[in-house]
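The values are calculated or read from the model by the stated rules, or taken from the named source; none is laboratory data. Computed from a predicted model, the values in this text were never measured in an experiment. So basically every Cβ, Gly included, is an ideal-geometry build from the backbone, and we count neighbours across all protein chains shown. Note: accessible area is taken over every heavy atom of the protein model, side chains too, but ligands, DNA and RNA are not part of it. Shrake-Rupley method; radii C 1.70, N 1.55, O 1.52, S 1.80 Å.
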Amino acid sequence: MASKPSIPKGTRDFSPAEVAKRQYIIQTIKTNFEKFGFQPIETPSFENSETLMGKYGEEGDRLIFKILNSGDYLAKANAGHLEAKDSTKLTASISEKALRYDLTVPFARYVVQHQNEIEFPFKRYQIQPVWRADRPQKGRFREFFQCDADVVGSKSLWQEVELVQLYDAVFTDLGLTGATVKINNRKILSGIAEVIGASDKLIDFTVALDKLDKIGEDGVKKEMIEKGISEDAITKVQPLFNFTGTITEKLEQLAQLLADSQEGMKGVEELRFICENVIQLGLSTAELDLDVTLARGLNYYTGAIFEVAAPKGVAMGSIGGGGRYDDLTGIFGLKNMSGVGISFGLDRIYLVVEELNLFPQTVTVSTKALFINYGEKEAFYAMNAIKQLRAAGIKVELYPDNAKVGKQFQHADKRFIPYAVIAGEEEMNQGKYALKNLATGEQNLLDLEELKAALR
């Protein structure tokens, strides 16, 4: 007996209606990317393992899907590692490639590899799937699309100002009023670690702090202690757990806390420039918030970091994020190439737009009208009209079989096709077509030009 077909956990099939909705979001994002001057590129689904490993921190490395080498992959495996069942060391000898974890590291590799062909500053966008060996849950999948916009070759903080505006533009067009763009700066986190005497524990400190909204204050403190950060240091950082006030007030509090850290004060000034300019220029529907607990536990961020929260009342993780990564291309041999970028979480944005019922009704309408099939002669007459309507950019189709008329109308109804075109012998004799609105039942006899105008 054949086994029941299934798909791997954390992956999904998409129906025509779901694909239409996803394409609506992608097109909205793409339109704004291009409006802001970003150009499209694409990179392979998988990269050499050495390109990806070590770029996302210890937690990120564990979530990278490794691809087994072709053929007898165990033939070249290290016998000692195989006998010791040391999977970490064994992986390197049986897997040389891995599915991409995000689009940013492959982009850095692309920039270095094609540096002589690129005009800098280079603004690129990329909309492609990525893979993570994560535990599947609501809004978290193992295969999902990322929609990234990055600028490399410029240290100007106006890029960060524009990226906040880009988030605002996309979410405004999608109707997501009240999305919150959270901002912080890794230099501030470095400064805090320096002030409390835990500079050597910066990554552990930021990874734990980034989990504040997930595991709470006590959970974060417990993780910090487990990572070797002293209780005295955690006491000094206590103000961070209850940081309130306006952005200006928060910046003043940070300036006082980081007065003895040159790195930290640089982060404060960078944040002040970005936030003040964003506020003065204004946002349409998004809100800007300075969140000092925002750490985004990735090793490569060096300046501003972003994370976007869905409108209040929607239970969903972040729907976007990013930051500045001055050193990223350096790991591939290209020094002094500053970059900054943001990402839109397509799948989570979809769930939020769906939950708030913000998809326009027209999004899922594919075929505008179905021509009813009354026989071979009538079908040919219909196809002549269909050819001209399609040439005019109108989505129409002929029911392929000469089936019962009732069945054909049911088919249109199940497909949510709004109109039916009746072209039987009577209509043919007059050189016309009967257009029926399937929602109201209203029917009009039209010539081809009138039909074209009505379906437009």
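Using alpha carbons only, the radius of gyration of region 71-110 set against its Kirkwood radius gives Rg/Rh = 1.16. Sequence-distant contacts, meaning Cα pairs under 8 Å at least 6 residues apart, place the relative contact order of the chain at 16 percent. Relative to the longest principal axis of the Cα atoms of the chain, helix 346-355 runs at roughly 60 degrees. Volume per residue for the chain equals 223 cubic angstrom (convex hull of Cα atoms).
Entry comment: accessible area of region 125-231 is 39 Å² per residue, from protein heavy atoms only and a probe of 1.4 Å.
Hydrodynamic analysis of region 49-157 uses the Kirkwood radius over alpha carbon pairs. Inserted into Stokes-Einstein at 37 °C and 0.692 mPa s, it gives a translational diffusion coefficient of 203 µm²/s.
Ligands, DNA and RNA are left out, and with a 1.4 angstrom probe the accessible area of region 337-399 is 45 Å² per residue. Taking Cβ atoms as reference points and 13 Å as the exclusive limit, the residues near Met265 contribute a net charge of -3, counting Lys and Arg as +1 and Asp and Glu as -1. Taken about its Cα centre, region 1-61 carries a charge dipole of roughly 480 debye when the Cβ of each Lys and Arg holds +1 and the Cβ of each Asp and Glu holds -1.
Placing unit charges on the Cβ atoms of the charged side chains and taking the dipole of region 256-334 about its Cα centre, the candidate lying farthest along the positive direction among Met265, Ala304, Gly320 is Gly320. Charge dipole of region 310-360 (Cα centre as origin; +1 on each Lys and Arg Cβ, -1 on each Asp and Glu Cβ, all else neutral): 140 debye, rounded to the nearest 20. So for region 28-105, if I pair up every lysine 8 or more residues apart or on another chain, how many of those pairs have alpha-carbons under 28 Å apart? Pairs that pass both the separation and distance tests number 15.
Summarising the label geometry, the points placed 7 Å from Cα in the beta-carbon direction at Glu276 and Asp218 lie 4.2 nm from one another. Charge tally for Ile386 (other residues, Cβ to Cβ under 13 Å; Lys, Arg +1; Asp, Glu -1): +3. Placing unit charges on each Cβ (+1 for Lys and Arg, -1 for Asp and Glu) gives region 112-163 a dipole about its Cα centre, and among Ala133, Gln115, Gln159 the Cα reaching farthest toward its positive end belongs to Ala133. This model, with +1 at the C-beta of Lys and Arg and -1 at the C-beta of Asp and Glu, gives the chain a dipole about its Cα centre of some 1140 debye.
Modelled spin labels at Gln39 and Asp61, positioned 7 Å past Cα toward Cβ, are 3.5 nm from each other. Relative contact order of region 247-347: 17 percent, from C-alpha pairs under 8 Å at least 6 residues apart in sequence.
Available extension along the chain between Ala17 and Ile118 is 32.5 nm, counting 0.36 nm per residue and deducting the alpha carbon span. Over region 120-174, what portion of Cα pair distances is larger than 14 Å, expressed as a whole percent? The calculated P(r) of region 120-174 puts 67 percent of pairs beyond 14 Å. For region 370-434, the set of trypsin sites (Lys or Arg not before Pro) satisfying both a DSSP loop assignment and a count of at most 15 other C-beta atoms within 10 Å is given as Lys395, Lys404, Arg415. For Phe33, the shell of other residues with beta-carbons less than 13 Å away shows a net charge of -1, using +1 for Lys and Arg and -1 for Asp and Glu. Computed extension length for Arg415-Ser95: 110.6 nm, one decimal, from 0.36 nm per residue of separation with the Cα-Cα distance subtracted. Rg and Dmax of region 390-456, based on Cα coordinates, read 11.9, 31 Å.
Only one residue of Ala179, Asn384, Cys275 has its Cα farthest out toward the positive end of the dipole of the chain, where Lys and Arg carry +1 and Asp and Glu -1 on Cβ, and that residue is Asn384. For region 329-381, a Kirkwood radius taken over Cα pairs fed into Stokes-Einstein (4 °C, viscosity 1.567 mPa s) yields D = 76 µm²/s. Helix 104-113 and the longest principal axis of the Cα set of the chain meet at an angle near 90°. Taking every alpha-carbon pair under 8 Å whose residues sit at least 6 apart, region 46-95 reaches a relative contact order of 36 percent.
In a DSSP loop and with at most 13 other Cβ atoms within 10 Å, the GluC sites (Glu not before Pro) in region 10-48 are Glu42. Once divided by 2.2 N^0.38 Å, the Cα radius of gyration of region 180-284 becomes 1.10.
Surface composition of the chain: carbon and sulfur make up 50 percent of the accessible area, probe 1.4 Å. The C-alpha atoms of the chain define a longest principal axis, and helix 212-226 lies at about 30 degrees to it. Under the simplified labelling scheme, the Ser6-Ala77 pair shows an inter-label distance of 2.5 nm, with each label point 7 Å from Cα along Cα→Cβ.
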